[in-house]
Each structure stands twice: as structure tokens, then as C-alpha cells.
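K.L.:
Can you keep this structure in mind? I'll have questions shortly.
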Amino acid sequence: MISVEKLSITYKRQSARERGSVKALREVSLSVEKGQIAALAGESGSGKSSLLMAIPGLLPPGTEVTGRILLDGTDLLTLSEEELNRLRWRKIALIPQGAMNSFTPVLTVGRHVEEVLSVHLGLTGRAAAERIDSLFTLAGLEGTLAGRYPHELSGGQKQRAAIALALACDPDYLLCDEPTTALDVITQKGVMDTLKRLAEEKGLGLLLVSHDLPLAASVASRIFILKDGLLVEEGTPRDLITNPQSVHTAALVNALLELEEES
Amino acid sequence: MSALLKRWSFWSLLALVFIAIFGNRFFAAPPEAEVAASFSKPLWLDRSLPPTREITLTPEEPSVTLEWAYPPPAAFSLRTDLPESAAGLSVVWRRPDGSELTLAPLKKGLEVDGRDMAFKRALGLTPFGDAAGALFPGSGRYEVSVKGEGPWKGSVKIRLEGGRWGLLGTDQRGRDIAALFVAGVRVSLLVGIFATLIATFLGTSVGLLAGYAGGWTDSLLMRLVDLLLSIPLLPVLMALAAFWGKGLWQLILILSVFSWMGTARTIRALTLTLRDVPYIEGLRGLGAPSGYILRRHLLPETLPVLLATMTLGVPGAILSEAGLSFLGLSDPRVISWGRMLHEAQSFGAFTSGAWWMLLPPGLGIAFLCLIFLDLGKFLEERADPRLLSGGKP
Amino acid sequence: MLAAVLVLNFLLFRMMPGDPVASIIDPNFSPEAKAALSRMYGLDKSLPVQFLLYVKSTLTFDFGISFLTGRPVLDELRSRLPNTVFLLGTSLLISSFLGTWLGMAAALRRGSLLEKGVLWSGAVSFSFPSFFVQLLLLMAFASALPLFPLRGTLSVPPPPGGWALAGDYLWHMALPVFSLSLLGFGGWALYVRNLMVKILGEDFILLARARGLPRKNIVWRHAFRTLLPPLLTIFLLSLPGIVSGAVITETVFSLHGVGRFLLEAVTGHDYPAAGASFFLLALLTIGANLLSDLLYGITDPRVRLDRGGRG
């Protein structure tokens, strides 16, 4: 179980012109279990991406982080970079935002997978090639695409390749940062279905960050809503619609329902 | 604006401009004048060497004493500047031990050099004797005075050539390096600023034209830019400087003709990004003539970036001019820092160990370039960052 | 490209004001002798014909006879070219390797003393005239402390024997190569540092860290490989400047090279020699240009795909 306890994140700005700090997250607590899909929703700037990046320890140096992030009982915030490196990808993998250029442009996508296989599992040669092939199939891609460079893939293909890469070392938890933005509706659905299937079949714990509440509600069993760095809502999708705890959520849900009725 | 006032480079530039304009007024002689012995060291250096001294005797001040704690001077000379000869008067030299020597009578238009045979004989020396050595046998208080009966008018000048002179010493021809340095500021600033101005004008025109016109005009101009960028600049400049003329303005023109390419690229990239900005498109839709759009809208938009690239281009021009002058391809009558280094190398600064000939011009060039680099960086930071990233390859 | 260099070369060295023949002959020569000389250099023909003759002779490396030395220009160049190539090649290698290494180290240790040093050395190499630094080095290490020779490529007379000769050559080339490397390295390190800082801020580096990859993988496989293509572009753009540096360096150290030959030819109005040396230097640039173009294709997959048809 990943459990975040009273996490606060403060960014320090130290550019030539401005000096100051921005509080991105204030005492947020939430948890994800294996085999469960949890969704983290909120407007952009609500702190959801910061929370996601804080889990594998990827916030920029100098950022002030307080609270605890427990992975099966170990506080990740107390670990050194080497200790974190042993957990990263083997326990917690990440699927980045579709809009990010998440692949190194001068390496083939297959090479990316091969690298994590050899670093974390010691797999090389034929064994690695076979695993890459099965991973690509699992993510819904042709195995031949492994020899392609990132710029030669479409947005959807790249996103699936990112899924294949994330699954390479059989992680326990997957952190997905808006895995479907920048994709068209049909591809979006395909990618979401794949993720859902994986959670069910492999018992993965999925933390899905999205600004798209209906999409999140359609796959998640638990939803957390952030606003301005504060956790304003927590519950099942059903709770949210029938019994919203905050004005903000109520307004959000109402807007959605109106949209539904119109269409 | 107030941020500019906090930059060291701004004040340094101001100071250098001031020196370039008024600097030569601080020197009694023009920079070409030979003021002291060749390769004289700066005054503050090697204090055991005698400094170069000039002593003037007048009827009001007929006697001068000097404290001497050095070896004898390199040369000695005496010149009278009298309306008429004065009989019965002579210039007398008194040594620390009290002994006196008569140097010369007070005759009109007399010029005596320590190497003259007659002078040596008058001092009781052999033709191979050392007059300066005889005059300065050791350290102590010396006195030189006009002695005798009768009135006189005018002045007597005595010059002792030492091994030290002025703030920065002298070069191989005995010119004052401080005066040369000040004269060099002017050339470097002039070349740097004007060559860059002309190059910027050319580059902006080409860049605006290429970016705005597009099509084959664009590709043709850009091919030209690529071509000129891949040709070694210095050999071309050398050939042009050697065959077409070495004058300062020719040099400026040659430099600018071969350094507009970077600006053209930047401005073209900017124009391309700006061309499709909605309001420019709107203007075109309204039927505004291209020239008008270019002049009234694109040019002002690109101005901050232009200013930055221009300032950053100055060091290149200064270094190119210095390089050409150093290679001896500049007008020998124009004093510039590059020329000073050229002469330092060709006229034996090494064999005489005259490092003070190297440092002022070299550090001057470097300092001036650093000033413009810093100012350019400052302007670059101020310019619209969106435009800057568009302008970089 | 080559054509453009040919045209420029012709314009520069053939269409100069003044009579080129006038510079080599005694004013007391008879008009007949002058005409004969003109004929020998092909100066009696019309300009287009001269141009064609010139193109033909240049492309066959027949550069004619030097006005000044009276020897074939080709022979003169042949004895000098290896020195120039050695000087430029070695210093380029040293400065680019050292510069890349230090630039990367500076980018990886932001705010460190090393980074400040790299930033400063960059500013220095953009503002200090090369000949000034070289003159200082000469004064310090050849004149005041006579560790290195003041001038020349080899001692006179050269020492006998292969190894002694090679040692003597290296001893003479040490300061020139060192100074050129020193001057090139600052700018190089600054470029690398700036590029590297930008790359390290990219998403794919953050994600490589998320994958728990060891630091050396991230630095070398992900960051450095991405750095290579733009580095080659800079290399390409800096080539003309480096060739220009050869003229100055060879002049300061009195080396037996193409650059100094060009200077002597230019100041002595030796048109065949000047034209030929310029052509050779331009050819050197073009050659290196093509080479780095080729390397670019190898290091950057995006380019490789675009140029599939060509190579």
C-alpha cells in the first residue's frame, strides 16, 4: 500500500528576478492499495502533479517536503537516492503525461525498455528481446515498433510504449499522470481500458491523476479531489455524485450533470 | 533603466568613451611623439633605474638640485634656448663631493650631447669615455646651475635619459605607451561600434526581407548566409585589407560586409514568428503595404533583440580589427591596440623583455570586449524571452 | 559550395587594383619582358577566359609559380600543409574533449566553483585576443623562462634520427597547440555547459531518473547522446574561426604553415601564393564541414531518417 500522510510541498523560487516560495500542497493524506484504482482529480495547478512526482522522489532539489510517504511501511522521504533507485520502477513505475517528451530522442523505444530490464532485472540478449516483445503486445503495440525512434511514433503509440516501459519490471504500483491527454477520444478509451485490464489481471495499484472527472469516475474505485493544494473531497464515485462534501465538488458535479442532460 | 546604472560595464564603457574623447588632453605631447628612451620601463617599476628627467634653468630659477640614487642615466643632453648669447656665463655641474665641472657656455642655439667628442674633451675624458658616468659618479645631491656675471634671458634645458618613464613606460621608438593606449581606445571603440552598426543594418535588412518575402528570395539569401558563415573570415579580410586599402574606414566597411550574417539569421527567424501573429495578418488583410508593415510593426518588435545582438557583436568586430592590425595589415599611421601588439612582436619586445608593451593593449581589448559582452547579456535578459528563443538555432 | 569558393577566390586575388606583375618585376624591365611575364601568368587574356583558365588550373592543383620565392606554389604548400593540419587537428581534439568534459561536469554541478570557472573561461575566450594570450605565453615560457623555443617548427639544423626529430617537432609545437587548445576550450566548455543545462531540464531526463537508472546511464546514455548532434553543429560553425586562428598562431610562433604563408603572400602581393593558400584553407573548412555533416547523420536519428535517400 502506498499511503501519503499529511504531505506538504513548498517550492522555493530562486531566479534572478523573483525570490519566494509557493505552497503546492498542504497536509494531504491519501492511500492506494494493490489491485485498486484510485483517481486524483483537480484543476490544473491544484497540486496533483506535485503529489505524484513526490512519491518517487522526483521533485526539484531544494523543494521543502514534510509529512510521510509510506510504501508498504517504509517512509520514502527518508531514503537516499541509491535506496530510492532500487525501488523506482521495480515497485513504483510511472506513466508520464502524453504531452511530455518522455523518451530520450536519440534512443529507440525498445532500447529504453531494454535498459530498465538490464538495470533492474539483469535481463539481456534473447530473454530481454522476448520480454520486450511480450510487453509491447500487452500494451497493444506491434513488437516491430520497438526498433523505432520516439519521433517516428504517433501520440497514441508513444503512450502505449510508455505503458510497456512502465510494466517492464512488474511494478506493484503505477502512477499515471494524465495518461490520456493529447490523445483523441477513441485512443483515450483504448488506453484507459488497457490500464483497467492490467489493474485487474496483475493486481496493480493504480494512482491516476486527471483533470477529467468523468473519465476518472468511470475507472476508479476511489476518488480524491484537490483544490489549491488542499484535499477537498474523498470517496467512491457514487458518494461524490450523491453526497458531495464541498461546494466546489457540488458545482463540478452539477456542471457535469448538465452537460450529460444536454447531450 | 535603473538596473543599467548598477552594471559595472555601463560605467566602464562611459569611462572609456570619456577617455576616447578627452584622453589625449592629459598628455603634453601627441601620442606619436618620442618622449623618452626606447623600452623605458614604467616609473613605478624597478625603482633602482633612473627615471627620465628634464631640467629647465631660467634667470628666475638659475639652479636646480637633484637627489640621485641610481646608476648613471643612459644619455645626457643640453640645449640652450636663448634670444642671444650671454658672455661670461656658463652651466656648472656640482657633484656630491663638491667638485664642479663646467658643462657649456651660455651660447645661443647650443646643443650638446653626452656623446659629442668636444663635450667629452671639455670634461677631460678620452673619446671613448663615458660622459654620463663621469657626471654621475655615485649617489647623492647634485646641483646644476647657471653661474657667472651678467644678465641673461631665455632658458637652458638639460635632459637625462633614464630607463623609466611615465605611467606605462615607452615602446621601441620611445613613444609613451599610456598616450598610445589612450589613442587606441578611440580606434577600438570606433571600429567596434561602427562596424557593428553597419553590419546590423545590413543584417536587419536582409533578415527582414528574407523572413517577410519568403519563397525563393528567402532561400537565396539564406544560402548566401550559409556560404559566408562557412568561409574562414580572417583570410578574406586579410586579402581585402591588403589589396583594397588599409584605412580605418575601409577596414570598418570590410569588417561589416563580412559580419552581418548572424544578425540576418536572427532577424529572419523573428520575422517568421512575427509574420503570422494575428495582428500583422490583420494589417495585411486591411491592405497595408509591405514596407509599412516592415517599418512600423516588424522593426519595432524586433528592436530589443536587435539591440542585444548588436551589442554582442561588437567584441567580434573589435577582435577582428585587432587581429588584422596585429598581422600588420592596418594603416601604420593609425595607432590601435592591435598595432601596438604587432609592433611589440616585430620590434623586439621579447629580446628586451618589455612585457609592459604587451599588457596594456591586450588587456584593453579584453576589457572592452568583456564590457560589451556584459551589456549584451543584460540587454538579452531584458528582451522578450519568447523572441529570443525564436531567434536561436 | 566549392564553386562559390572558386569565384570568391578569383575575385579576391585576381581582380585586385593595380598590376600584379608590377610587384615582381624591376621597373627597369623592358616592355617586352613585362608582356612576356603577363603572358606567362595569363594576364593578357580577357577576364572570362582568365576565370576559366584559373578554374581549370585550381582544380588540377596547378597553382603556378610564387612571385616571391620563385618556386612552384604547390611545393611550398605541400611542405606546409602537414604542420597546419597537425596544429589545428591536435588543438581541436584537445579543446573539444576537455571542453566537453568540463562543460558537462559544470552542468552536473550547478552553482559549484567549477561551473563558475567554466563560465569565466568562456567569457575570457570570447574577449581575449588569441595573439595576446599567445604572446604572453611566449614571453613567459620561451623568453623569461626558456622552456620552449621562441619560434619555428624545427630546430636549425634539425636533430638527426626519427625519434629526436619527432621530439624536436613536438617541443616546437607544444606552446602553439597548448595556446590554441586553451583558447578554444573556454568557449567550447561554455557551449556544452549551456546545452547540457538545457538537456538536464528536459522531461526525458526526469523520467530516466524515475526509472531508477544509475547516474552514469543518465549522464552518458541519455544526456550525452542527446547533446552530440547540437555539439556537432557548433563544431561546424566554429571551423572557419579555427582556420582563421591558424593564420594568427602560425604568425606568432613563426611556424612553417599555410596560414603564415598566406600572410606573407598577402603582404608581399604574391597573388598565386595567396590565392592557393586561401583555396587550401577554404578546402580544409569544406572538408571538415562535410565530415561533421556525416557525423551528424550518424548521431541524430531524426536527421538520419530525413536523409535516408542520400546516405
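K.L.:
To the nearest 100 Å², how much accessible surface do chains A and C hide from each other in total, with a 1.4 Å probe?
P.N.:
2400
K.L.:
Further question on the same structure: With a 1.4 Å probe and all protein chains kept in place, how much accessible area does residue C:75 have, in Å² rounded to the nearest 10?
P.N.:
60
K.L.:
Using only helices, what value at 222 nm comes out for chain A when you add -39,500 (n - 2.57) per DSSP H run of length 4 or more and divide by the total residues, to the nearest 500 deg cm²/dmol?
P.N.:
Result for chain A, helices only: -11000 deg cm²/dmol.
K.L.:
Follow-up question, since we're still on this one. In the stretch A:67-104, which residues give up 30 Å² or more of accessible area once the other protein chains are added, compared with their chain alone (1.4 Å probe)?
P.N.:
A:85, A:88, A:89, A:100, A:101, A:102, A:104
K.L.:
Pairs of lysines 8 or more apart, or on different chains, with alpha carbons under 21 Å: count those in chain C, would you?
P.N.:
Lysine pairs, 8 or more places apart or on different chains, close enough: 4.
K.L.:
Let me ask you something else. In terms of the ratio Rg/(2.2 N^0.38 Å) built on C-alpha atoms, what value belongs to the stretch C:149-252?
P.N.:
Against the empirical 2.2 N^0.38 Å value, I get 1.61 for the stretch C:149-252.
K.L.:
I'd like the mean, over residues of C:253-260, of how many other protein chain beta carbons sit within 10 Å of each residue's own Cβ.
P.N.:
1
K.L.:
Ranking request for peptides A:104-111, C:240-247, A:4-11: highest mean number of other beta-carbon atoms within 10 Å first, then the rest in descending order.
P.N.:
Going from most to least packed, we get C:240-247, A:104-111, A:4-11.
K.L.:
What accessible area per residue, rounded to a whole number of Å², is obtained for chain B using a probe radius of 1.4 Å?
P.N.:
I get 46 Å² per residue for chain B.
K.L.:
Mind checking which aspartates and glutamates have their C-alpha under 15 Å from residue A:23, skipping anything on the same chain fewer than 8 residues away?
P.N.:
A:64, A:228
K.L.:
Compute the relative contact order of chain B as a whole-number percentage, counting only Cα pairs closer than 8 Å that sit 6 or more residues apart in sequence.
P.N.:
Reported relative contact order: 20 percent.
K.L.:
Please give me the summed charge of the neighbours of residue B:268: other residues whose Cβ is under 11 Å from its Cβ, Lys and Arg +1, Asp and Glu -1.
P.N.:
+1
K.L.:
Comparing B:175, B:265, B:95, which has the greatest mean-square fluctuation in the GNM of chain B with Cα pairs linked when under 10 Å apart?
P.N.:
B:95
K.L.:
Considering only chain A, what is the antiparallel percent among its DSSP beta bridges, to the nearest 5?
P.N.:
55
K.L.:
In deg cm²/dmol, rounded to 500, what helix-only [θ] at 222 nm does chain B give when every DSSP H run of at least 4 residues adds -39500 (n - 2.57) and the total is split over its residues?
P.N.:
-16000 deg cm²/dmol
K.L.:
To the nearest whole number, what is the average tally of beta carbon atoms from other chains within 10 Å of the beta carbons of peptide B:166-172?
P.N.:
Across B:166-172, the average partner-chain Cβ count within 10 Å equals 0.
K.L.:
Compute the accessible area per residue over chain A, keeping the other protein chains in place, probe 1.4 Å, unit Å².
P.N.:
On a per-residue basis, chain A sits at 46 Å².
K.L.:
Ok, one more. If you fit an axis through the alpha-carbon atoms of helix B:215-229 and take the longest principal axis of the Cα set of chain B, what angle between them do you get, 0 to 90°, nearest 10?
P.N.:
Its long axis makes an angle of about 30 degrees.
K.L.:
What residue among C:187, C:89, C:111 has the largest mean-square fluctuation in a Gaussian network model of chain C, using Cα springs under 10 Å?
P.N.:
Sorting by GNM fluctuation, first place goes to C:111.
K.L.:
Calculate, axis by axis, the spread of Cα positions in the stretch A:162-239 along the three principal axes, and write the results as whole Å, longest axis first.
P.N.:
35, 28, 23 Å, listed from the longest principal axis down.
K.L.:
Sum up the charges of everything whose Cβ sits under 10 Å from the Cβ of residue B:134, counting Lys and Arg as +1 and Asp and Glu as -1, but leave residue B:134 out.
P.N.:
Residues near residue B:134 contribute +1 overall.
K.L.:
How large is the Rg to Rh ratio of the stretch A:116-164 when both quantities use alpha carbon positions and Rh follows Kirkwood?
P.N.:
Reported Rg/Rh (Cα atoms, Kirkwood Rh): 0.98.
K.L.:
While we're here: State the extension gain, in nm to one decimal, for the chain segment bounded by residue C:112 and residue C:7, taking 0.36 nm per residue of separation less the distance between their alpha-carbons.
P.N.:
The span from residue C:112 to residue C:7 would gain 32.8 nm if fully extended.
K.L.:
Hey, what's the stretch C:141-245 come to in accessible area per residue, 1.4 Å probe, Å²?
P.N.:
Value for the stretch C:141-245: 45 Å² per residue.
K.L.:
Let a ≥ b ≥ c be the square roots of the eigenvalues of the Cα gyration tensor of chain B; is it rounded (a/c under 1.5), or, if not, prolate (a/b larger than b/c) or oblate?
P.N.:
In terms of gyration-tensor shape, prolate.
K.L.:
Continuing with this model, one more query. Would you mind counting up the charge near residue B:96? Only other residues with Cβ under 13 Å from its Cβ, with Lys and Arg at +1 and Asp and Glu at -1.
P.N.:
Every neighbour counted, the sum reads -1.
K.L.:
Would you mind checking which residues have amide H under 5 Å from residue A:232's amide H? H placed 1.01 Å from N; only 5 or more apart, or other chain.
P.N.:
A:225, A:226, A:227
K.L.:
Can I ask one more? Antiparallel DSSP bridges in the protein assembly as shown: what percent, to the nearest 5?
P.N.:
75
K.L.:
Across the residues of B:312-319, average count of Cβ atoms on other protein chains within 10 Å?
P.N.:
Mean inter-chain Cβ contacts per residue within 10 Å come to 2.
K.L.:
Would you mind getting me the FRET efficiency between residue A:70 and residue A:152? Use the beta-carbon distance for r and R0 = 25 Å, nearest 0.05.
P.N.:
0.05
K.L.:
Considering every Cα-Cα pair within the protein assembly as shown, what fraction, in whole percent, is farther apart than 58 Å?
P.N.:
Cα-Cα pairs of the protein assembly as shown separated by over 58 Å account for 32 percent.
K.L.:
Have a look at the DSSP beta bridges in the stretch A:114-263 and tell me what percent are antiparallel, nearest 5.
P.N.:
Around 50 percent antiparallel, to the nearest 5.
K.L.:
Where Rh denotes the Kirkwood radius from the mean inverse Cα pair distance, what is Rg over Rh for chain C?
P.N.:
1.07
K.L.:
So what are the stretch A:16-169's ellipsoid semi-axes, whole angstrom, largest first, if each one is the square root of 5 times an eigenvalue of the alpha-carbon gyration tensor?
P.N.:
31, 19, 16
K.L.:
Here is a follow-up. Ignoring ligands, DNA and RNA, please state the percent of accessible area on the protein assembly as shown from carbon and sulfur, probe 1.4 Å.
P.N.:
Solvent-exposed carbon and sulfur of the protein assembly as shown make up 61 percent of the total.
K.L.:
Hey, another quick one. Can you give the translational diffusion coefficient of chain A in µm²/s, computed by Stokes-Einstein from the Kirkwood radius over Cα pairs at 10 °C and 1.306 mPa s?
P.N.:
82
K.L.:
List the lysines whose Cα sits under 25 Å from the Cα of residue B:157, skipping any in the same chain fewer than 8 residues away.
P.N.:
Qualifying lysines at Cα under 25 Å: B:41, B:107, B:108, B:120, B:147.
K.L.:
Further, regarding this structure: Quickly estimate the mean residue ellipticity at 222 nm for chain C, helices only: each DSSP H run with n ≥ 4 gives -39500 (n - 2.57), and the total goes over all residues, rounded to 500.
P.N.:
Rounded to the nearest 500, the figure is -23500 deg cm²/dmol.
K.L.:
Helix by helix, which DSSP H runs in chain C go 15 Å or more along their axis at the Cα atoms and have an average Kyte-Doolittle hydropathy of 0.0 or more?
P.N.:
The answer, listed by residue number, is C:2-14, C:47-59, C:73-108, C:113-127, C:162-200, C:225-252, C:271-299.
The values are calculated or read from the model by the stated rules, or taken from the named source; none is laboratory data. Predicted, not measured: the structure shown is a model, and the values here were computed from it. So basically every Cβ, Gly included, is an ideal-geometry build from the backbone, and we count neighbours across all protein chains shown. All accessible areas refer to the heavy atoms of the entire protein, side chains included, with ligands and DNA or RNA removed. Shrake-Rupley method; radii C 1.70, N 1.55, O 1.52, S 1.80 Å.
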